[in-house]
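Presented below is the structure to which this report refers.
The values are calculated or read from the model by the stated rules, or taken from the named source; none is laboratory data. It should be emphasised that the depicted structure is a prediction, and the values quoted were computed from it without experimental measurement. Glycine gets a Cβ as well: all are built from the backbone with ideal geometry, and neighbour counts include every protein chain shown.
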Amino acid sequence: MIHYYHAFLPPHFHLINIALVFFSGLVGECVGAIVGGGSLFMMPALLFVGLPLQAAIATDNASALGTELGILSETYQKVMSNKRLLLLITIPVTMGGVLGTWLLLNVSATLIKYLMVGGILFILSHTYFSKNKPDSASIGKSGYALLIVFLLIMGIYTNFIGIGQGTFGRIAVMSVLGLSFIQSQGLTSTATMPSRVYSLIVTSFAGLIVWPYLITLWCSNYLAGKYATKLVKNVPDTIMKMLLTLLSIGFVVYLVFFY
């Protein structure tokens with residue numbers, strides 16, 4: 001019976017690790033649903049239980065679908081009231097995600113790492129040094145072009161490296177389009193879903209998804225995404241923007257010196 005049980009599971013799966021993976025997802029995505037960075041908790045846990053790096057990235061990336069569904073359940077009305085922006089955000093993120101999945105399977109992460117660092121620093125400088133306050137109703141062509149290029153790179157990064165994507169996307173949408181934190185949270189979470197589904201399908205066929213851990217993370221991440229979003233609705237945007245900025249700077253340091 002034991003041999004039959006293990007025949008349907010990867011060699012690095014152990015039932016006892018389910019509790020660790022669930023806890024890391026619950027804690028990580030309580031943070032991640034608010035300011036991003038949930039992967040900083042989940043990636044080490046997945047590596048600790050024995051997953052190879054590429055399998056950990058693929059499983060962690062797919063697990064974010066649970067978080068995004070939890071966030072969407074709390075922001076659905078705001079997302080549906082911005083259908084045009086949702087489409088605008090989804091297209092470049094999905095295109096980038098397709099390329100990012102190919103890179104995950106074939107290429108070193110060095111180039112996209114530095115592209116992402118440059119994009120983050122540019123968005124932060126735009127956030128704090130731009131003289132014009134952004135307004136999504138009257139944003140110019142240059143503002144849209146800036147956002148589309150950044151979202152394309154973010155889509156590549158999401159399916160290729162993944163750590164910090166939620167932070168970068170939210171501060172970009174808030175800064176360039178002038179949306180509230182809850183609006184940006186709902187839009188970016190929804191917009192990345194097609195890209196993540198594509199990555200899930202491709203990496204599943206490549207044998208990188210560890211399904212018992214992924215299903216566990218979907219459960220913990222959905223709960224975290226839903227209830228963390230409830231909590232953050234009453235937090236002022238200025239505080240959330242400051243937290244996103246600090247975390248973005250932290251991710252830049254991480255990418256440059258430690259990744």
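Structural remarks
- When ASN17 is tested against (1) over 22 Å from ILE161 (Cα atoms); (2) touching a helix residue (DSSP H, G or I) at 6+ places or on another chain (Cβ under 7 Å), exactly one condition is not met: (2).
- Filter pass, GLY178 being out of contact with any strand residue (DSSP E or B) (no Cβ under 7 Å at 6 or more places or on another chain) and at positive phi: yes
- Being of a type in the set (Val, Ile, Thr), modelled with pLDDT under 85 and not in a helix (DSSP H, G or I) is a property that VAL235 has.
- If only residues of region 186-202 that are under 27 Å from PHE258 (Cα atoms) and part of a helix (DSSP H, G or I) are counted, the one that is modelled with the highest pLDDT is LEU200.
- Boolean, TYR128 is more than 20 Å from ASN82 (Cβ to Cβ) and at pLDDT 75 or above: no
- For ILE57: the one exception among (1) surrounded by 15 or more Cβ atoms within 10 Å (Cβ to Cβ); (2) of a type in the set (Val, Ile, Thr); (3) more than 23 Å from PHE205 (Cβ to Cβ); (4) at pLDDT below 85: (3)
- Here THR75 meets the list (1) crowded, with 18+ Cβ neighbours inside 10 Å; (2) modelled with pLDDT of 85 or more; (3) under 25 Å from ILE249 (Cα atoms) almost entirely, failing just condition (3).
- Selection of region 89-125 for residues being more than 28 Å from ALA56 (Cβ to Cβ) and modelled with pLDDT of 85 or more yields only ILE91.
- Residue match in region 82-90 (condition: touching a residue at least 24 places away in the same chain (Cβ under 8 Å), part of a helix (DSSP H, G or I), in contact with a Pro (Cβ under 8 Å, 6 or more places away or on another chain) and surrounded by fewer than 24 Cβ atoms within 10 Å (Cβ to Cβ)): yes
- Residue list for region 203-212, restricted to those being over 18 Å from the mean Cα position of the chain (by Cα), touching a residue at least 40 places away in the same chain (Cβ under 8 Å) and not in a loop (DSSP other than H, G, I, E, B): PRO212
- Scope region 159-189; condition of a type in the set (Ser, Thr, Tyr) and either closer than 14 Å to GLY36 by Cα or surrounded by fewer than 24 Cβ atoms within 10 Å (Cβ to Cβ) (or both); matching residues: THR167, SER180, SER184, THR188, SER189
- Taken over region 197-218, residues that are within 26 Å of SER81 (Cβ to Cβ) and either crowded, with 22+ Cβ neighbours inside 10 Å or in contact with an Asp or Glu (Cβ under 6 Å, 6 or more places away or on another chain) (or both) amount to 0.
- Region 37-57, residues that are in a helix (DSSP H, G or I) and closer than 24 Å to ILE171 by Cα: SER39, LEU40, PHE41, MET42, MET43, ILE57
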